[in-house]
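The values are calculated or read from the model by the stated rules, or taken from the named source; none is laboratory data. If you're wondering where the values come from, they're calculated on a predicted model, not measured in any experiment. Cβ placement follows ideal geometry from the backbone for every residue including glycine, while neighbour counts extend to all protein chains displayed.
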Amino acid sequence: MARINGVAIHGYGGYVPRYRIKDEEIGRIWGKTASELPVNEKTVAGPDEDAATMAVEAARIAVKMAGIDPRRIGAIHEGSESKPYAVKPTGTIVAATIGAGTGLLTADLEFACKAGTEALQLITGLVETGRIEYGLAIGADTAQGRPGDALEFTAASGAAAFVVGRAGGDAAASIEAWCSYVTDTPDFWRRPHDRYPMHAARFTGQPAYFRHIIGAVKSLLDNDGYSLDDFDYFVFHQPNVKFPFAVAKYLGIDRKKITPGIVTDVLGNTYSACSLLGLVKVLDSAEPDQLILLASYGSGAGSDAFVIRVLDGILERRRRVRGLSSFIDDKIYVNYALYLKFRDKILMG
Amino acid sequence: MGKVFVAGVGFTKIAEHWDKSLEQLMAEAAAKALEDAGIPSVNSIYVGNMMGEALQEQAHLGTLLAEDLGLTGIPAFRIEAAEASGAAALYQAALDILSGRSEAVLVIGGEKLSDGLSEEVSSAMMMSGRQEYEGFIGADFYAINGLLYRLYEKRYGSDGIAMFPVISHTHAAGVSHAQYPFKLTLEKVLSSPFIAEPLRRMEVSGIGDGAAAVVLVGERLAEKIKSPKTAFFIASSTDYITPFERENPLHFQSLAMASDKVFEETKVERREVDFIELHDATSIMAALSLESSGFVEPGKAGRLAEKGEFSLEGNLPCNTFGGLKARGHPFGATALYQVAEAHLQLTERAGNNQIDSAKIGLIQSLGGVAATAFAILMKKV
């Protein structure tokens, strides 16, 4: 695929709720020892938060960094598997709240944990073709995990947003290339009206996560003329801490290039926001001209891989907003009982 | 017992074979065994499989395999005896030859456990116990093993029991068909989480997919074909399904009886056995098997394991390719892997795992917690 021509990120923002629960606390309830816990702690959306409110929080930061009139935004795509409404778009809520105009395209996307990067792909295409001036791509989720299930130890809440426009004007980073790798692989699914997803245990590893991420990364390198050595950072989807490092080991990537983009250890798996929050964390500290490879993963299954180059404008733009680390550090721990209440897991009869 | 010979063996790597079906795995192993034996067809097929109905919703495996192998027209059946299904298929195959009805029989064992979620596999494993009693109270295979371990601990102390997985992993290191071809330290075993206290995760076999096949032939055909052969003898016995209904839960009477029978029939003494392929589905079962079959005094297996008695260089090497713990334990296929590995040992094709001048090997295969037992003795010819 030809490289993307003249498309850049003008603003980005990450948001996670204040509340955290330690995996140790979940393990206390379900009888798991320390060695069985996949992350240290995870975010918990407050009782008044959902995928729409968190998308708004992230979008506000991204628009502020972009420094544009929100009415210049021509499209808003949000990827999420926890939309507050089954029928009613989330994009319109975001548009109205941030003050975007009415002449815009909104569509909500769903592809498990990679719907956020799909939003970024679509917005990139709309900008590249000149159909819109700016677009807003968002990944946001309040992920669900059945009490006691392996997912409960990681399923978390968060959002990341990106304002994308034509290159120039001291943009923060350019998007040079992307590609996708998808197959019909049922590793994780949720039927309509089901409260919690099902997953096929270890099948979610080798034939699902690893095959698709490695497939996407390899085709990106092969088709767009990059080599692994070109990259300063790698951000892979993080359902747990182990998996992205296992990809790195397989591809022969230095762990030091993975660590800066790891967020799951302290935030959990924020699904559609997960790899994008990893990207936000890297952008918050990267230097101009550094190259980032981002690869998301969505069950069902697919991976979207991107090449993102940091530009000079990032240095000044970063100062305009609150960085992700301030959200990561700002936390209030809840116990399992409060967590059940906040996540609406207590049946009222 | 008359004469039956192993004339060819074949197997797949034990792994999570996401891209192959149970049928494909078994056909692959069978084709390899026929090739190893150097014969294109057989008179009958016996298939060992435990969970086809539960996990694949597939029965009728004998006829399916006959079709896959281009052998439609011959008798082909599936035999089931829980985790010892493969050994049960071998038993029937040997009888077929001894009866004079067949001169060459293909025995195929296969299991594809990764087709089920862990809950589904656990539930299917319960089929080897008594559902109306053990299943009802949730006393699954590992729970019962945990209780036996605790009883053993009380009676003898458990020193060295956790060495059995260490030995199996040491032997599996570098074995190409093993599911876990790497070494494991005792510290790692003892720091792994309990699954049914005092039984730890690293003391039990994992979940894997695999298939193995063996060609058995009668005496007349054995003389004609050129492939390396070993003599094959098999005996079986049963006991109460629930160990705690047995007079002594720490004695596998079924295995003791099967072992006695096979030694009596072959006139072989226990001291002549060069190696044993144990049914180490759990560490405690490895110890109880050695003690019950008369190789070790009750309560001594762990200490002897610590001293290196059962290592490849020891006096009585056990699990020469890693056993159930490290080579892997795809239930219906397991006994076929054991026989195939013993055949490689006795025909001096065991590579780095070869035991010097091995002449007699013993294989133990158990269904449930030794409710069904098979003892197979193989001799160099």
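If only one of B:A54, B:A81 is in contact (Cβ under 8 Å) with a residue 12 or more places away in the chain and buried (at least 22 other Cβ atoms within 10 Å of the Cβ), which one is it? Spell out how you get there, then give the answer.
Details: B:A54 fails: buried (at least 22 other Cβ atoms within 10 Å of the Cβ).
So the residue among B:A54, B:A81 that is in contact (Cβ under 8 Å) with a residue 12 or more places away in the chain and buried (at least 22 other Cβ atoms within 10 Å of the Cβ) is B:A81.
How many of the residues in region A:226-235 are touching a residue at least 24 places away in the same chain (Cβ under 8 Å) and either within 14 Å of another protein chain (Cβ to nearest Cβ) or outside any helix (DSSP H, G or I) (or both)? Break it down into steps so the answer makes sense when it comes.
Restricting attention to region A:226-235, the residues satisfying the condition of being touching a residue at least 24 places away in the same chain (Cβ under 8 Å) are A:226, A:228, A:230-235.
After this cut, where a residue has to be either within 14 Å of another protein chain (Cβ to nearest Cβ) or outside any helix (DSSP H, G or I) (or both) as well, the list is A:226, A:231-235.
Of the residues in region A:226-235, 6 are touching a residue at least 24 places away in the same chain (Cβ under 8 Å) and either within 14 Å of another protein chain (Cβ to nearest Cβ) or outside any helix (DSSP H, G or I) (or both).
Would you pick out the residues in region A:170-206 that are small (G, A, S) and away from chain B (no Cβ under 13 Å)?
Taking region A:170-206 first, the residues small (G, A, S) are A:171-174, A:177, A:180, A:200-201, A:205.
Once the filter is applied, which keeps residues that are small (G, A, S) and away from chain B (no Cβ under 13 Å), region A:170-206 yields A:A171, A:A172, A:A173, A:S174, A:A177, A:S180.
Among the listed residues B:I234, B:I207, identify the single one that is closer than 19 Å to B:G368 by Cβ, of a type outside the set (G, A, S) and within 14 Å of another protein chain (Cβ to nearest Cβ). Quick ask: steps written out before the conclusion?
Values: B:I234 fails: within 14 Å of another protein chain (Cβ to nearest Cβ).
Residue meeting the stated conditions: B:I207.
Residues of region A:13-53 being more than 14 Å from chain B (Cβ to nearest Cβ) and hydrophobic (A, V, I, L, M, F, W, C), which ones?
Listed by number, the residues that qualify are A:V16, A:I21, A:I26, A:I29, A:V39, A:V44, A:A45, A:A51, A:A52.
A quick yes/no check of all residues on (1) within 13 Å of B:F331 (Cβ to Cβ); (2) within 14 Å of chain A (Cβ to nearest Cβ):
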{"position": "B:Q24", "(1), (2)": "no, no"}
{"position": "B:D36", "(1), (2)": "no, no"}
{"position": "B:M51", "(1), (2)": "yes, no"}
{"position": "B:L61", "(1), (2)": "no, no"}
{"position": "B:F77", "(1), (2)": "no, no"}
{"position": "B:L95", "(1), (2)": "no, no"}
{"position": "B:L98", "(1), (2)": "no, no"}
{"position": "B:E103", "(1), (2)": "no, no"}
{"position": "B:K112", "(1), (2)": "yes, yes"}
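Which numbered condition trips up A:L279, out of (1) under 23 Å from A:A140 (Cβ atoms); (2) surrounded by fewer than 24 Cβ atoms within 10 Å (Cβ to Cβ)?
With respect to (1) under 23 Å from A:A140 (Cβ atoms); (2) surrounded by fewer than 24 Cβ atoms within 10 Å (Cβ to Cβ), A:L279 is out only on (2).
Conditions tested, residue by residue: (1) surrounded by 23 or more Cβ atoms within 10 Å (Cβ to Cβ); (2) farther than 13 Å from B:A301 by Cβ; (3) within 14 Å of chain A (Cβ to nearest Cβ); (4) in contact (Cβ under 8 Å) with a residue 12 or more places away in the chain.
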position	(1), (2), (3), (4)
B:L147	no, yes, no, yes
B:L151	no, yes, no, yes
B:K154	no, yes, no, no
B:P165	yes, yes, no, yes
B:H171	yes, yes, no, yes
B:Q179	yes, yes, yes, yes
B:F182	no, yes, no, yes
B:T185	no, yes, no, yes
B:V189	no, yes, yes, yes
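Since A:A156 meets every condition but one in (1) assigned by TED's automatic domain parsing to the domain that holds A:L276; (2) touching a Ser or Thr at 6+ places or on another chain (Cβ under 7 Å), which condition does it not meet?
Result: A:A156 passes all but (1).
Tally up the residues in region A:322-340 that are in a helix (DSSP H, G or I) and either within 19 Å of the chain's Cα centre (by Cα) or surrounded by 13 or more Cβ atoms within 10 Å (Cβ to Cβ) (or both), please.
Of region A:322-340, the ones in a helix (DSSP H, G or I) are A:324-329, A:336-340.
Of the ones still in play, those that are also either within 19 Å of the chain's Cα centre (by Cα) or surrounded by 13 or more Cβ atoms within 10 Å (Cβ to Cβ) (or both) are A:324-329, A:336, A:338-340.
So the answer is 10.
What about A:A143, is it surrounded by 23 or more Cβ atoms within 10 Å (Cβ to Cβ) and within 21 Å of A:K345 (Cβ to Cβ)? Don't jump to the end; show me each part of the working.
Values: surrounded by 23 or more Cβ atoms within 10 Å (Cβ to Cβ): yes; within 21 Å of A:K345 (Cβ to Cβ): yes.
Judged against the criteria, A:A143 is a match.
Of the residues in region A:1-22, how many are of a type outside the set (A, V, I, L, M, F, W, C) and crowded, with 21+ Cβ neighbours inside 10 Å?
Taking region A:1-22 and keeping what is of a type outside the set (A, V, I, L, M, F, W, C), we get A:3, A:5-6, A:10-15, A:17-20, A:22.
Next, only the ones that are crowded, with 21+ Cβ neighbours inside 10 Å stay: A:10-15, A:17, A:19-20.
The total comes to 9.
Going by the structure shown, is A:G205 of a type in the set (G, A, S), assigned to a loop (DSSP other than H, G, I, E, B) and either closer than 27 Å to A:Y19 by Cα or at pLDDT below 95 (or both)?
Values: of a type in the set (G, A, S): yes; assigned to a loop (DSSP other than H, G, I, E, B): no; either closer than 27 Å to A:Y19 by Cα or at pLDDT below 95 (or both): yes.
No: the conditions fail for A:G205.
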